[in-house]
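The block underneath contains the structure these notes are about, expressed in structure tokens.
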Amino acid sequence: MTELKLPSIDYAALSPILIMLGAALVGVLIEAFVPRRHRHLVQLLFALAAVLGALTMVVLNSDDRLLTAAGAIAIDGPTLFLQGAILILAAMALLLIGERSVERGGYFVAQAAVTAESVDDRRQAEGANGATEVYPLTTFAIGGMLIFVAANDLLTMFIALEVFSLPLYLLCALARRRRLLSQEAAMKYFLLGAYSSAFFLFGVALVYGFTAGVPGRSAGVDFATIHAAVGTSPASSVLLFAGIALLSIGLLFKAAAAPFHVWTPDVYQGAPTPVTGFMAACTKVAAFGALLRVFHVAFAGAAWDFTPVLGAVAVLTMLVGAVLAVTQTDIKRLLAYSSIANAGYLLVGVLAPSKDGLSGTMFYLAAYGFSVLAAFAVVTLVRDADGEATHLSRWAGLGRRSPFFAAVFTFILLAFAGIPLTSGFTSKFAVFAPALDAGQAWLVIAGVLTSMVLAFPYLRVVVMMWLSEPGESTPTVAVPGGLTAAALMIGVAATLILGVAPAPLLDLASGAAEFVR
Amino acid sequence: MSNFPFLSVLTVAPLVGALVVALLPRRNPELAKQVAFGWSLLVLVLSVIMWITFQAGGDRFQFRESYPWIPTWGVRFTFAADGIALVMLMLIAILVPLVILASWHDAEHSKRSVPVYFALLLILESTMIGVFAAADVFLFYVFFEVMLVPMYFLIGSYGGHQRQYAAVKFFLYSLVGGLFMLAAVIGLWVVGGRTFDWNQLVNADIATGTARWLFLGFFLAFAIKAPFFPFHTWLPDAGRAAPAGAAALLVGVLDKVGTFGILRYCLPLFPEAARWFAPYALALGLIGIIYAALLAVGQNDLKRLVSYTSIAHFGFIGVGIFAFTTQAGTGAVLYMLNHGLATGLLFLVVGMLIARRGSAMISDFGGAGKLVPLLAGVLFFAGLASLALPGTAPFISEFLVLLGTFTVNKPVAVIATLGIVLAAAYVLWMVQRTTQGTLNPALTEVDGMRRDLNLREKAVVAPLIALIVLLGFYPKPVTDVINPAVQATMQDVGKTDPAPEVGTVQEANR
């Protein structure tokens, strides 16, 4: 019997992940032991402290370039950059989640088990304090995302995928208002997410089969083995291509790329708005972090084979997102389609196989996260007696009622439309330039054409807010509590600064743009 | 004084002014107007000093400044002005104070904040100056796009009938062009060696096929902006819906960015492509001249009519640019200035008429000259300037364009001349149907029509009339500045003026 050899583990390098997962566990204990009336404050502060602690460790580790845990985790430039981005965006999302002064008791239902639309439900909707389980759930999700972008083999990646997905399914179901919509969204997300996980797992199995039989190497699903097997494996390349295809389905589902996007509008609409913001910002970073690593590290040798297909997916994603955004009448659905289109632009960056492409994509992810969180922060504020007023017609004349928030939202929409001096423009440039450099002119042209289409729905909202007369039903904008105001200001400031002076973050991204293998 | 950073100060100053004006209390709109007007006068004074400092025979680009911005992409805040840009900057500096003065009461009917209207005008001035002063392609693109935002709100918030439709149409058209240009800008950056500096890009070695595609990207953006036929349909809507002052800036300056961009970017950066596309561009110009003039004849809305005349004039400018002779090029640039003055005046005067009558329909007027003789006289003068009557400034530019075109391409020049005839038709008919003939009895019942030009309005039109007459008789100060820049541009394209025939030389020697 051979002795078990324990892998060496660099705990310092893993500390951000460990902090978040540990904090999630402690959060569960807080839920059990801290009196109900203090839980909200304790949980919020604890979660924020954990995020900031993890962020500090990411900053301290910023020079790490290593593989640890027997090659299962890669702590390198992209990992650290994306982990930092996830943590900062998650902190903003936590601020939104913790807001309780806009809606009495917060945005979350007090007891999810109470039947929706029942008498009890109406009573608890009136102002019972929302469930505080959302904090450990969010913390688990963040921890899972941190592993997801660092995973250096497909099994670790799969586990990370589940760790961050399961809490998200639950979070989607916890809206205080319109609970049936929220539960439907969670159900949809869960079922489709489970399918896509199954596809991913099946892809892992096929790729494992493909790596078997390479002379001098044992089969495995770590990226180094896969990289070595591409081109040298005696196995049929059908295994490889089918494996890539199935893996891509799993990842593109999370990234909300067409044709795996159908869940996005429903889930974005049904989920509590802070959770929607969290998904739009952080899930996107995590999903694209994994996509980048899988395609740039594991399957780099097969780039000639998958680029045309992924390119077609990118074009389709941009088209679907842009064209369907035009027809939307609900602001959350509109932002969902815009997020789909943005996934397409990000794919353009993923398909530029260069250092610039990698750093541009990472820059885009961070910049988009800030803007989209700010956008959803505004959505939480525009409300009437029945909660958020998300129908676009209700936003008519908002510029008269509350010029400040309308101006902020206009600025964010201009950023989404890619007008210069906003981060939307610099990030588009950051992904289009390397793509053109890599000879993918068709993707850039498609990106430019869909940007034109996409400008129309954004502009329609601007017109609604400023150029229409306020109607009887125009809701007022709630005075934001300190938490929402902080998140909103961070998002808007980042959108402006990354548009006017993007150089520091670009340098950071470009310094980080190298994978360890 | 030549080391003074004129261009960056001129770009930033109106922006600071806009902030100041926007922060003034809404309750006291008069103060906001006065501050805005004073600020624009300061910019004018600074521009005049810059004009005096400019050495007409000196370097092609002067007042160059360069500061780092995004080093990763090689983007810099680089400003520099050649003679063409200088003329356009001067036009902006002259028009903005006059427009502010002319728009004194425009914002009051709109139920919107009056200070914001004037702040938007100043922001627009800042971006317009920036777009002409930029010598970095990225910086140019930034101003080119940002310029849309203040104009969008000027039209959309303060405009007249169908303002929302017009504002969105304006924005989308320009954005579409801008995004094509963005693709071309990125392409240029990739093939030009990852720099945006104009001086370096001019010397970049670009493959013929690539250059043609990039030319097309830029040209499309500029053709929409200018606008050339068939990309012109946004202008009549925007021109009609915009408040008169904003419309004067829109047609007088904003649209010149298109023709300026062709001269500064399309021709020098892609000379071969420019020569290759020239016949098509000439054709577009010619169609524009004739087609827009015909449409102008049939308009019943004064502002739409003026918008169409201006599309016809842009056809002339396009022909002048793509004829590739110094004369035609100088004529085109001079036309850009003169058209800004003449059409700017025409828009402002039409705006005064409309404000009095409360309607823009020509059929609502008739014999207005009997009630407001002075205003009618100014309208007549502006119309004559617009049809390029000898003695007014546009005549010289139109003549130069036709002369320069005739030496290289006779059919084009001949067809373009038809446009002059049509110009006489639409201007004279417009003047006749509004101010001449029997008095429309409905007019006498409108209070506004009994007030002739007041002092403020006289102060608006007088400088423009004086400049139009002055430049009509003595354009030398301006042509001296334009000529070297145009010659340099034509050299970039690789075209030399045709040598005069021997006979004429001998005659001259005799």
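Which one of these is open to solvent by less than 70 Å² (accessible area, probe 1.4 Å) and closer than 26 Å to A:G130 by Cα: A:V58, A:V34, A:V28?
A:V34
Would you mention how many residues in segment B:128-171 are open to solvent by 10 Å² or more (accessible area, probe 1.4 Å), more than 9 Å from chain A (Cβ to nearest Cβ) and more than 19 Å from A:L467 (Cα to Cα)?
Going through segment B:128-171 one residue at a time, the tally reaches 0.
Can you pull out every residue in segment B:63-89 that is in contact with a strand residue (DSSP E or B) (Cβ under 7 Å, 6 or more places away or on another chain) and among the polar types (S, T, N, Q)?
B:S66, B:T78
Name every residue in segment B:348-406 that is part of a loop (DSSP other than H, G, I, E, B) and open to solvent by less than 50 Å² (accessible area, probe 1.4 Å), in order of residue number.
B:S359, B:A360, B:F365, B:G366, B:G367, B:L371, B:V372, B:L387, B:A388, B:G391, B:T392 - these are the residues of segment B:348-406 that are part of a loop (DSSP other than H, G, I, E, B) and open to solvent by less than 50 Å² (accessible area, probe 1.4 Å).
Between A:L421, A:L413, which is over 27 Å from A:A125 (Cα atoms) and in a loop (DSSP other than H, G, I, E, B)?
A:L421
Would a scan of segment A:331-351 turn up a residue that is among the charged types (D, E, K, R), open to solvent by less than 20 Å² (accessible area, probe 1.4 Å), farther than 19 Å from A:A441 by Cβ and at pLDDT 90 or above?
Checking segment A:331-351: at least one residue is among the charged types (D, E, K, R), open to solvent by less than 20 Å² (accessible area, probe 1.4 Å), farther than 19 Å from A:A441 by Cβ and at pLDDT 90 or above.
Can you tell me which of A:F199, A:F253, A:F260 is assigned to a helix (DSSP H, G or I) and either closer than 23 Å to A:L365 by Cβ or among the small types (G, A, S) (or both)?
Residue meeting the stated conditions: A:F253.
Those residues that are more than 17 Å from A:R333 (Cβ to Cβ), touching a strand residue (DSSP E or B) at 6+ places or on another chain (Cβ under 9 Å) and either at the interface with chain B (Cβ under 9 Å from one of its Cβ atoms) or open to solvent by 10 Å² or more (accessible area, probe 1.4 Å) (or both), I need them from segment A:384-411; list them, please.
Listed by number, the residues that qualify are A:D384, A:R401, A:S402, A:F404, A:F405.
From (1) under 17 Å from A:A175 (Cβ atoms); (2) without any contact (Cβ under 8 Å) to a residue 60 or more places away in the chain; (3) open to solvent by 20 Å² or more (accessible area, probe 1.4 Å), pick out the condition that doesn't hold for A:A131.
Condition (3) is where A:A131 drops out.
Before we move on, is B:F222 crowded, with 24+ Cβ neighbours inside 10 Å, free of Cβ contacts under 8 Å to residues at least 60 places away in the same chain and away from chain A (no Cβ under 12 Å)?
Criteria met by B:F222.
Quick check on segment A:412-433: of everything there that is open to solvent by 10 Å² or more (accessible area, probe 1.4 Å) and over 20 Å from the mean Cα position of the chain (by Cα), which residue is nearest to A:S339 (Cα to Cα)?
Selected residue: A:L414.
Quick one: which residue in A:T327, A:T317, A:T273 is among the hydroxyl-bearing types (S, T, Y) and touching a strand residue (DSSP E or B) at 6+ places or on another chain (Cβ under 9 Å)?
Step by step, each of A:T327, A:T317, A:T273 is checked, and only A:T273 is among the hydroxyl-bearing types (S, T, Y) and touching a strand residue (DSSP E or B) at 6+ places or on another chain (Cβ under 9 Å).
Determine whether A:A430 is within 10 Å of another protein chain (Cβ to nearest Cβ) and free of Cβ contacts under 8 Å to residues at least 60 places away in the same chain.
So A:A430 fails the test.
Please specify each residue of segment A:441-454 satisfying the condition of being more than 9 Å from chain B (Cβ to nearest Cβ), among the β-branched types (V, I, T) and crowded, with 21+ Cβ neighbours inside 10 Å.
Across segment A:441-454, the qualifying residue is only A:T450.
Out of segment B:1-35, which residues are more than 22 Å from B:A133 (Cβ to Cβ), buried (at least 16 other Cβ atoms within 10 Å of the Cβ), out of contact with any Leu (no Cβ under 7 Å at 6 or more places or on another chain) and among the aliphatic types (A, V, I, L, M)?
Correct list: B:A22 only.
Restricted to segment A:149-189, and to residues that are in a helix (DSSP H, G or I) and of a type in the set (G, A, S), which residue is nearest to A:M279 (Cα to Cα)?
A:S165
State whether the residues of segment B:282-291 include one that is without any contact (Cβ under 8 Å) to a residue 12 or more places away in the chain, part of a helix (DSSP H, G or I) and over 20 Å from the mean Cα position of the chain (by Cα).
Yes, segment B:282-291 contains a residue that is without any contact (Cβ under 8 Å) to a residue 12 or more places away in the chain, part of a helix (DSSP H, G or I) and over 20 Å from the mean Cα position of the chain (by Cα).
Filter segment A:455-484 down to residues that are buried (at least 16 other Cβ atoms within 10 Å of the Cβ), under 26 Å from the mean Cα position of the chain (by Cα) and away from chain B (no Cβ under 14 Å), then give me how many there are.
The number of residues fulfilling the criteria is 4.
Only one of (1) of a type in the set (A, V, I, L, M, F, W, C); (2) touching a Ser or Thr at 6+ places or on another chain (Cβ under 6 Å); (3) within 12 Å of another protein chain (Cβ to nearest Cβ) is not met by B:V96, so which one is it?
Only one criterion in (1) of a type in the set (A, V, I, L, M, F, W, C); (2) touching a Ser or Thr at 6+ places or on another chain (Cβ under 6 Å); (3) within 12 Å of another protein chain (Cβ to nearest Cβ) is unmet by B:V96, namely (3).
Being open to solvent by less than 10 Å² (accessible area, probe 1.4 Å) and either without any contact (Cβ under 8 Å) to a residue 12 or more places away in the chain or more than 17 Å from A:T138 (Cβ to Cβ) (or both) is the filter here; which residues of segment A:269-286 pass it?
If the condition is that a residue be open to solvent by less than 10 Å² (accessible area, probe 1.4 Å) and either without any contact (Cβ under 8 Å) to a residue 12 or more places away in the chain or more than 17 Å from A:T138 (Cβ to Cβ) (or both), then A:G270 is the only one that fits.
I need the full set of residues from segment B:39-55 which are open to solvent by less than 30 Å² (accessible area, probe 1.4 Å), in contact (Cβ under 8 Å) with a residue 60 or more places away in the chain and assigned to a helix (DSSP H, G or I), in order please.
Passing the criteria: B:S40, B:V43.
If you check B:E108 against the conditions, is it open to solvent by 20 Å² or more (accessible area, probe 1.4 Å), away from chain A (no Cβ under 13 Å) and not polar (S, T, N, Q)?
So B:E108 fits the description; yes.
Being aliphatic (A, V, I, L, M) and open to solvent by less than 20 Å² (accessible area, probe 1.4 Å) narrows it down to one of A:A112, A:A90, A:A125, A:A69, so name that one.
That would be A:A90, the only listed residue that is aliphatic (A, V, I, L, M) and open to solvent by less than 20 Å² (accessible area, probe 1.4 Å).
Identify, by number, the condition in (1) in contact (Cβ under 8 Å) with a residue 60 or more places away in the chain; (2) open to solvent by 40 Å² or more (accessible area, probe 1.4 Å); (3) within 10 Å of another protein chain (Cβ to nearest Cβ) that B:N199 doesn't meet.
Among (1) in contact (Cβ under 8 Å) with a residue 60 or more places away in the chain; (2) open to solvent by 40 Å² or more (accessible area, probe 1.4 Å); (3) within 10 Å of another protein chain (Cβ to nearest Cβ), B:N199 violates only (3).
Would you check which residues across segment B:229-277 are among the aromatic types (F, W, Y) and open to solvent by less than 10 Å² (accessible area, probe 1.4 Å) and list them?
Within segment B:229-277, B:W234, B:F260, B:Y265, B:F270 qualify.
Can you pull out every residue in segment A:507-516 that is open to solvent by less than 10 Å² (accessible area, probe 1.4 Å) and within 10 Å of chain B (Cβ to nearest Cβ)?
Passing the criteria: only A:A509.
Go through segment B:90-105 and give me each residue that's assigned to a loop (DSSP other than H, G, I, E, B) and either touching a strand residue (DSSP E or B) at 6+ places or on another chain (Cβ under 9 Å) or surrounded by fewer than 22 Cβ atoms within 10 Å (Cβ to Cβ) (or both).
Across segment B:90-105, the qualifying residues are B:W104, B:H105.
The values are calculated or read from the model by the stated rules, or taken from the named source; none is laboratory data. Given the structure is predicted, the values throughout are model-derived calculations rather than measurements. Don't worry about glycine lacking a Cβ; one is built from the backbone with ideal geometry, like all the others, and counts go over all protein chains shown. Each accessible area value is taken on the protein alone, full model and side chains, heavy atoms only, with ligands, DNA and RNA left out. Shrake-Rupley method; radii C 1.70, N 1.55, O 1.52, S 1.80 Å.
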